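Asks: Here it is, the structure in full.
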Amino acid sequence: MAQRAIWLVSHEPGTPHGGTVRFSRRYPTVEKRAKTFNGSSYVPLPEDDPFCKALLFELRLLDDDKDFVESRDGCSRISKASVYGLPIGGKELWPVLALQKNGLIYVSVPLVEQTLSAHPPLISISGISQAFDLLFGLIDFFDSGPRTEADLSTKVSQLPDLLLHICPFGTLLDSNFLLDNFSNLSIYQAPKQPAWKAGTYKGKPQVAVSITEKVKSMQYDKREVADMWQVYGTITCKCDLEGVMPNVTISLNLPTNGSPLQDILVHPCVTSLDSAVLTSSSVDIMDDSAFSGPYKFPFTPPLESFHLCYYTSQVPVPPILGFYQLKEEDSQLKITVHLKLHESVKNCFEYCEAHIPFYNRGPITHLEYKVSFGQVEVLREKSLLIWIIGQKFPKSLEINLSGTVNFNTMGHQKQPVDTICIGGTTYVKLYFRIPDYTLTGCYADQHSVQVFASGKPKITT
Amino acid sequence: MGPRSADAWARVLAALRASPAAFVARAGAEALAAELLSELRSERLSEPTKVSLLAAILEFPTQLWPDPTAAEAAVSALLDTLALLPPRPAALRRPLLLAATSVLASCGALAPASAATSRLLCVLLRAAAGRAAGPEQRAVRATACECLRELESCHPGLLAGQLGLLRALQDTLGTQAHCLLFVLTLRDALGALARAGPGAPAGLHGLPDSPGAQWPGPWDWSLAGEDVRDPAAPVGREGGRPEPSAGPLDLTPPEARELRAAVSQLLDASYLLTPPAQAQMLQQLSQVLRTVRGQPPALLKPQLVRLLGTARVSLLHAVLASKDAFGEALFTAQDEALLLRRLVGAAQHPALPSPARLFCLHCLLHFPENWPLGPAGEEGTPVLLTPSLATGLLPSLLQDPPDLLARLHLLCLLCGEELGADGRRDCQGTEDQVLLYLQGLLASLRQGAAQPGAPRSSVTLCFRASYLATRCLASHPGALAQLTKGLAELYQARPCLAPHFVDLLEQAGEVLAEPLGKALQQVAVAGAGGAQALQWHLQILTKVAGGQPLGPTLGFLWAALGQGGDWAWEQALLGACRALLRGTDLSGAGPRNLANLLQELARGLDDPDSRDRGRLYYSLFTHLSGSKLGSALGPTRSTPMLGSSLVEENEGFASALTVQEAQAPLQLRRVPQQAKEPPVILGLTVEASEILYSLELRFRVLGPHYEPLEAVQVPCLRPGASPKLLLLPLEPRRPYPTLLDVSVLYATPGGLTCYAQLPSLPIAFADLFLPLPPPSPEVTHPPTFQELWASCLPGGAESCMWGPWQGQALETLVTKHWEPFVMSATPPTSYRVAIRLPPSSQLLLQLEAAGEDGVRVALRTDDWAILPLAGEYLRGLGATL
């Protein structure tokens, strides 16, 4: 259960090499084990440059996409769960776990404690999930704070030290890279204290709980394709409490007609879960007998802010219902959009916008439109209309947009191309945010937080 | 070279990191390593610079110290540096420990005899057991534990003797580092005991608490394995976990109780560990419980319930691993169903990152079921995963390609099962729906790929999806026909996708290849896409034309011939012709037309090389029968990497004409032969493991001291027949031992001619021994031994030695080795031996038993050059006694 090497590669489109290795770390003791375990199927780790080249090629991040290359484009070479095989010196380096995020590629090569002559299933490689933990930890580390080049360089320069503490020999000791200082690392904990809790808090006790829900919906307005909408939420906590291991229990409540929470995944600091919480799953047919709370989460909080749990829910209707029609007439498009806010949803937005993109058509040359509410912005070069609806729907809760759009079909080069949105296939995408409101109705209040620690904490939800 | 500054070091380390092999080759490993070690003690450099030097040592020890002895010295130097550090907190202490461990473990210096090993182990154990409080001490303690853990990982069983101490440390200090170290040591110790079987020296003597015992006394290496375990584990499982043939380990009841207590204590404390550490501990404790007989896995249960709910991939993975290890003993059918539902939930959970979801999906397809139906190690849907359960996992066009493919794969597997079960008429409705959905999806993907500017990624996606779908559509001719039709249309729209089609035809198997080949041929010969598409059509025809009717293809090729083109175009044209030559449809007017075409090619192509090839095809076609033509032009599997199409496609043909290098399917054995007079005869038997014809065994004596040997012909060898005896006459020019190089040329029943090199045979000094020639009739008095003895000098040489043969040994020796050569004897004490060594030397021995101590051997020879050989020979006899 160890990693042979870790790389951080930045993808730089347009540069001669297409990217550079920002950081690499090899683990020679693990490499020695790999040699023994893999036997004749052992493939040594390449040096940074050839590795970077092979990786970018495999991930299709180089510009030479012109020719069919069997090792990359072959129809039977389907990579699983972001695990790739890189051709290196006539052999294949496998498994290479590579995750891309914000122009960076995070790579780890886990040790496989058996021969590799045939690829074993990933599930049988004990180091693979550790590689996931490691890379997710790194992603969190690099995604925090401002994403400037200076910030990136600072963080890269911190990495060697960080890994010297968290992963000195390729075996991961903690996946939390967001540390303030090394001398007080939680993994060097004092006896009988959680290894994920760095020190103790001193000061005014307080507990903050916040619930964020997101909704994903696709409406086709077609009889043969079912519309889909899905709500999922995250509970984020920050507990500043004194004592080594304060116990906290947070209960989430639903109103009487609220939609039950499902597929609940919790933070590892949660000490126990009710079987009803564990079994409530979105794969079940919904009925009235479904468990509808309260959902209790007893835990010992870490010092930092953390995601206590994630859940999904099946609300009975989507919050906003949409209708979009597009007709091609001569050289212009006639579009009609209707939006309707459901009456049960709080009509108080932080923002609400509808994006109407046009693909494969060239830049917009002319637009005539009529809206019943809000205003429209035109991004001609991007072939995009943005309908800004604002903070509130009107009383009727229904709004319309209709208009005609013309395009310059000749200037096709720099315009967005899409292989799905061809001809009449297109979409409207809605972006909105409603503060202090949950679609499921799920809430936590003063009474739903129980703290077993000295002092009376201030509770914010 | 003077000492470097911090900046200079930064540059050096950057260069080393960029290309370690090249840098070390340039700078010299030895010099660089020595410089690194000495700079660590320099007072000029700051601590951060020194830490960066140590980081380089930590990462590239094998390049810096390629040899274990040097590595050992380096470890000692690092430990000396550590000892010189002032007692106040120092940032160097931890990196020094890490670097020393890394060098020791990765350079092969970790061994019982190594002084540095025992020194480092003592330092680490002492540091790990330190009691001082304070952040720096805590960090050093944890680091020491990590170092010990790494050494134990590289050499399982190394710390088995310290189990008691580690248990005590884990009890009193209870930090994550101590827990992890103890668990690993426990697992390895039990594994070593289980491997050693019932005869193991001791049970878990160290496990019961015995604080203060044992250390740092002499190290016990008895349980330490050679190196990391040899992966002799069953396929599909990770290596070497003790599942010994002897079965699980039996512990005495008190030991078993103690073990159970230790395990439950560790599990109770596992909540305090970080998630990755919890996952490691759980996996290793499962292995512990599996090693020992009668340990109930139910101990793990309370923790599993807690872990099942978490969003961590590693924890979920650990739960699945313990499920795999214990099956029904730990997970009842209901538990299994719950786990599966959790997994389905996680695989579609929008809050998880996409790779984590995909990993869960992968786990679903390899779900460790209690009662698996399918073969182990293959992907398949678990029995409990019903289509209704998987509705949330349907693929959709809006997903990322990896998501889409993984979900499509699942759908196909589900579909395949559904469609395979003929009896299930009741779910006909869902089945059709699923099929329709799948077809719709594939059609949309094809539409995407058919766009004129579609990027290769979307094309690849379409072909991968088609490849996956083919597997489950095999039993659905209607759907397969639609897929074929759709793909043919795609080809018509974009002939430049030909390489993808060729790849698909190769990978998808006969089910798709047959109908798709036909459809593609039709599109190709219709000439879609105009002149630019010609090269793609030729590529497709090269792949498929062989199995299709000749007529249309020929028509197309004739038409193409009219257009003319460059060398590559001519080669493509010839490639298509070759496919036709190998094809099956050689009836009617086809062959004549083909011959005409080939003749036209041989005459009309621009490039002489192409014309030659055309002519070759024409001659082959007009002279060889169908089956021979097929094998002459057929591809061979042996050399798939050849770049030139010319070489590649003539490989099969050429292989029938050239001699193949092969592994020798025969064995040579020496049989003793005793010749009475020259030449010396070497006896050999030959046995074959397969039928071989027309063998020619060629012998070559290495060195200049023998006459060349004639080759030996054997008409036939069959396995099982009595071995064939060969007698080789050796004619030495000088009587020196040598090596006989043997090679063989033979024909196989398949008609190939092969050449093989056999292991060399040694010809020993004693092989050349002959008795003295019998006296010729003219000589009335054959020379006595004494006369011979005297005649050796002064031209020859004499020597004397002592043989360690006591009592009866001398008699045995003489009977065994010198029987034919004895001239006179008074058994058992005195023998006179005269040996003739061809071509013209002799060796005389006088052996006199000297009491009980041994034998005095006096030897003379008329050829001084053989004296050392004789001495060596006699000493060899002494050694074999």
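Asks: Could you grab me the full set of residues in the stretch A:99-129 that are within 9 Å of chain B (Cβ to nearest Cβ), among the aliphatic types (A, V, I, L, M) and either assigned to a strand (DSSP E or B) or surrounded by fewer than 21 Cβ atoms within 10 Å (Cβ to Cβ) (or both)?
Replies: A:Leu99, A:Ala118, listed by residue number.
Asks: Just wondering, is there one or more residues in the stretch A:27-35 that are at the interface with chain B (Cβ under 8 Å from one of its Cβ atoms) and surrounded by fewer than 19 Cβ atoms within 10 Å (Cβ to Cβ)?
Replies: no
Asks: Another question, if that's okay. Would you check if there is a residue in the stretch B:313-328 being in a loop (DSSP other than H, G, I, E, B) and more than 31 Å from the chain's Cα centre (by Cα)?
Replies: Within the stretch B:313-328, none of the residues are in a loop (DSSP other than H, G, I, E, B) and more than 31 Å from the chain's Cα centre (by Cα).
Asks: Quick test of your reading of the structure: A:Thr312 fulfils all but one of (1) among the hydroxyl-bearing types (Ser, Thr, Tyr); (2) touching a residue at least 40 places away in the same chain (Cβ under 8 Å); (3) within 14 Å of chain B (Cβ to nearest Cβ); (4) under 18 Å from A:Val449 (Cβ atoms). Name the failing condition by number.
Replies: Looking at each condition in turn, A:Thr312 falls short on (4).
Asks: Within the stretch A:271-353, which strands (runs of 3 or more DSSP E) (wholly inside it) include 3 or more residues that are surrounded by fewer than 18 Cβ atoms within 10 Å (Cβ to Cβ) and more than 26 Å from the chain's Cα centre (by Cα)?
Replies: Where strands (runs of 3 or more DSSP E) fall fully within the stretch A:271-353 and carry at least 3 residues being surrounded by fewer than 18 Cβ atoms within 10 Å (Cβ to Cβ) and more than 26 Å from the chain's Cα centre (by Cα), they are A:320-329, A:332-341.
Asks: So, one more: Under the condition of being facing another protein chain (nearest Cβ under 10 Å) and either among the hydroxyl-bearing types (Ser, Thr, Tyr) or in contact with a Phe, Trp or Tyr (Cβ under 8 Å, 6 or more places away or on another chain) (or both), which residue from the stretch B:295-316 is surrounded by the most Cβ atoms within 10 Å (Cβ to Cβ)?
Replies: B:Ser314
Asks: If you don't mind, another one. Take A:Leu159 and decide whether it is within 18 Å of A:Ser24 (Cβ to Cβ), without any contact (Cβ under 8 Å) to a residue 12 or more places away in the chain, buried (at least 16 other Cβ atoms within 10 Å of the Cβ) and assigned by the TED database to the domain that holds A:Trp94. Even if it seems obvious, please write down each step before you answer.
Replies: Values: within 18 Å of A:Ser24 (Cβ to Cβ): yes; without any contact (Cβ under 8 Å) to a residue 12 or more places away in the chain: no; buried (at least 16 other Cβ atoms within 10 Å of the Cβ): yes; assigned by the TED database to the domain that holds A:Trp94: yes.
For A:Leu159, the condition - within 18 Å of A:Ser24 (Cβ to Cβ), without any contact (Cβ under 8 Å) to a residue 12 or more places away in the chain, buried (at least 16 other Cβ atoms within 10 Å of the Cβ) and assigned by the TED database to the domain that holds A:Trp94 - is not met.
Asks: Continuing with the same structure: Considering (1) more than 9 Å from chain B (Cβ to nearest Cβ); (2) hydroxyl-bearing (Ser, Thr, Tyr); (3) in contact (Cβ under 8 Å) with a residue 24 or more places away in the chain, say which one A:Thr148 fails and leave the rest.
Replies: (3) is the only condition that A:Thr148 fails.
Asks: Return the total of residues in the stretch B:690-718 being more than 13 Å from B:Ala747 (Cα to Cα) and at pLDDT 85 or above.
Replies: So the count comes out to 12.
Asks: For A:Val96, are the conditions met, namely being under 23 Å from B:Leu320 (Cβ atoms), more than 8 Å from every other protein chain (Cβ to nearest Cβ) and modelled with pLDDT of 90 or more?
Replies: yes
Asks: In the stretch B:61-95, how many are in contact with a Leu (Cβ under 8 Å, 6 or more places away or on another chain), away from chain A (no Cβ under 14 Å) and either part of a helix (DSSP H, G or I) or of a type in the set (Ser, Thr, Tyr) (or both)?
Replies: 6
Asks: Could you identify the single residue in B:Pro771, B:Pro759, B:Pro804 that is within 24 Å of B:Val671 (Cα to Cα) and either in contact with a helix residue (DSSP H, G or I) (Cβ under 9 Å, 6 or more places away or on another chain) or among the charged types (D, E, K, R) (or both)?
Replies: Result: B:Pro771 is the single residue among B:Pro771, B:Pro759, B:Pro804 that is within 24 Å of B:Val671 (Cα to Cα) and either in contact with a helix residue (DSSP H, G or I) (Cβ under 9 Å, 6 or more places away or on another chain) or among the charged types (D, E, K, R) (or both).
Asks: If A:Glu398 passes every condition in (1) at pLDDT below 85; (2) in contact with a Lys or Arg (Cβ under 6 Å, 6 or more places away or on another chain) but one, which one does it miss?
Replies: Of everything listed in (1) at pLDDT below 85; (2) in contact with a Lys or Arg (Cβ under 6 Å, 6 or more places away or on another chain), A:Glu398 misses just condition (1).
Asks: Which one of B:Ser791, B:Ser722, B:Ser760, B:Ser776 is closer than 24 Å to B:Tyr831 by Cα, small (Gly, Ala, Ser) and surrounded by fewer than 17 Cβ atoms within 10 Å (Cβ to Cβ)?
Replies: Checking each option against the conditions leaves just B:Ser791.
Asks: Name the pairs: first residue in the stretch B:828-852 and modelled with pLDDT under 85, second residue of a type in the set (Asp, Glu), Cβ to Cβ under 7 Å, at least 6 apart or on different chains?
Replies: Filtered contacts from the stretch B:828-852: B:Pro828/B:Glu811; B:Thr829/B:Glu848.
Asks: I've got another one for you. Tally the residues that are buried (at least 22 other Cβ atoms within 10 Å of the Cβ) and in a loop (DSSP other than H, G, I, E, B), restricting the search to the stretch A:134-156.
Replies: Of the residues in the stretch A:134-156, 0 are buried (at least 22 other Cβ atoms within 10 Å of the Cβ) and in a loop (DSSP other than H, G, I, E, B).
Asks: Consider A:Tyr351 carefully, then state whether it is over 30 Å from A:Ser259 (Cβ atoms), modelled with pLDDT of 90 or more and in contact with a Gly (Cβ under 9 Å, 6 or more places away or on another chain).
Replies: Considered against the rule, which asks whether it is over 30 Å from A:Ser259 (Cβ atoms), modelled with pLDDT of 90 or more and in contact with a Gly (Cβ under 9 Å, 6 or more places away or on another chain), A:Tyr351 comes out as no.
Quick grid of which residues meet (1) of a type in the set (D, E, K, R); (2) surrounded by fewer than 21 Cβ atoms within 10 Å (Cβ to Cβ); (3) within 14 Å of chain A (Cβ to nearest Cβ):
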{"position": "B:Ala21", "(1), (2), (3)": "no, yes, yes"}
{"position": "B:Ala27", "(1), (2), (3)": "no, yes, no"}
{"position": "B:Glu30", "(1), (2), (3)": "yes, yes, no"}
{"position": "B:Glu39", "(1), (2), (3)": "yes, yes, no"}
{"position": "B:Glu43", "(1), (2), (3)": "yes, yes, no"}
{"position": "B:Ser46", "(1), (2), (3)": "no, yes, no"}
{"position": "B:Leu53", "(1), (2), (3)": "no, no, yes"}
{"position": "B:Glu59", "(1), (2), (3)": "yes, no, yes"}
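Here is a yes/no grid of residues against (1) among the hydroxyl-bearing types (Ser, Thr, Tyr); (2) surrounded by 14 or more Cβ atoms within 10 Å (Cβ to Cβ); (3) within 30 Å of A:Lys197 (Cβ to Cβ); (4) more than 8 Å from chain B (Cβ to nearest Cβ):
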| residue | (1), (2), (3), (4) |
| --- | --- |
| A:Met218 | no, yes, no, no |
| A:Arg223 | no, no, no, yes |
| A:Leu241 | no, yes, yes, yes |
| A:Gly258 | no, yes, no, yes |
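Asks: So if I check each of A:Val266, A:Val270, which one is within 12 Å of another protein chain (Cβ to nearest Cβ) and touching a Cys at 6+ places or on another chain (Cβ under 7 Å)?
Replies: Answer to the check: A:Val266.
Asks: Next up: Within the stretch B:25-40, can one find any residue that is charged (D, E, K, R) and closer than 22 Å to B:Ala144 by Cα?
Replies: Start the filter on the stretch B:25-40 by keeping residues that are charged (D, E, K, R), which leaves B:26, B:30, B:35, B:39.
Narrowing further to those that are closer than 22 Å to B:Ala144 by Cα: none.
For the stretch B:25-40, residues charged (D, E, K, R) and closer than 22 Å to B:Ala144 by Cα: absent.
Asks: Now, a different point. Give A:Ser344, A:Ser331 a once-over and let me know the one that is touching a Ser or Thr at 6+ places or on another chain (Cβ under 8 Å) and among the polar types (S, T, N, Q).
Replies: Numbers: A:Ser344 fails: touching a Ser or Thr at 6+ places or on another chain (Cβ under 8 Å).
Residue meeting the stated conditions: A:Ser331.
Asks: Would you mind telling me which numbered condition in (1) at positive phi; (2) more than 7 Å from chain B (Cβ to nearest Cβ) A:Ser82 fails?
Replies: Condition (2) is where A:Ser82 drops out.
The values are calculated or read from the model by the stated rules, or taken from the named source; none is laboratory data. Here the structure is a predicted model, which means the values were calculated and not measured. Heads up, the Cβs are rebuilt from the backbone with ideal geometry, glycines too, and the neighbour counts pull from every protein chain shown.
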